Amino acid sequence: QRFHSLYKNQLSNLESMGLMSVVNTSTTTSASATSTCNGSAVEIQMDLNDTSVRKALYDNLPKNVQHFITASRKNKNNNINDTNVKMDLPSDNDMNEDVILFARDLTVTLGKIVGPPARIQSAKGIISAGIFKSIQYASSKLTKGIFRNVKA
């Protein structure tokens, strides 16, 4: 419910561009994202095998994210220019490897953007909550993360 209210406009834009569809369904497939909204299952379907879909999604990324990804790609291959980098999206021939590389570049880029403010916020939290409560909170979060996939 909250996801749908937060991202309703973005989902509508992607749907109107023909990049994805939102379908009410009761079954789940591995190639789509499913969530529940108002008690019914909603499935988001998108064909990432289609190069034009991937290009349109890339073009809709904020310019600073595109810039970081472009810089990352340039560092890996110094003989390509900005135009080629922008078009250097995963190809249908080698999608799995290219998608993994692109996802890694995007993850690194987002880390560079949100990392510094997150560290500053963490430092502020330690100062305001105190060192003992901060250690207690961090250890409970680490424990939760470690035991998340452990089944009894």
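The values are calculated or read from the model by the stated rules, or taken from the named source; none is laboratory data. Keep in mind that what you see is a predicted model, and the values were worked out from it rather than measured. Virtual Cβ from ideal backbone geometry, glycine too; neighbours counted across all protein chains shown. Side chains are part of the model used for accessible areas, which takes the heavy atoms of the whole protein and leaves out ligands, DNA and RNA. Shrake-Rupley method; radii C 1.70, N 1.55, O 1.52, S 1.80 Å.
Details
- Any hit, region 37-51, residues being modelled with pLDDT under 70, assigned to a strand (DSSP E or B) and open to solvent by less than 40 Å² (accessible area, probe 1.4 Å): yes
- Taking the listed residues Ile127, Ile100, Ile120, the one that is modelled with pLDDT under 75, exposed (fewer than 14 other Cβ atoms within 10 Å of the Cβ), part of a helix (DSSP H, G or I) and among the aliphatic types (A, V, I, L, M) is Ile100, with no other qualifying.
- Members of region 130-147 found to be open to solvent by less than 60 Å² (accessible area, probe 1.4 Å) and outside any helix (DSSP H, G or I), listed by number: Gly130
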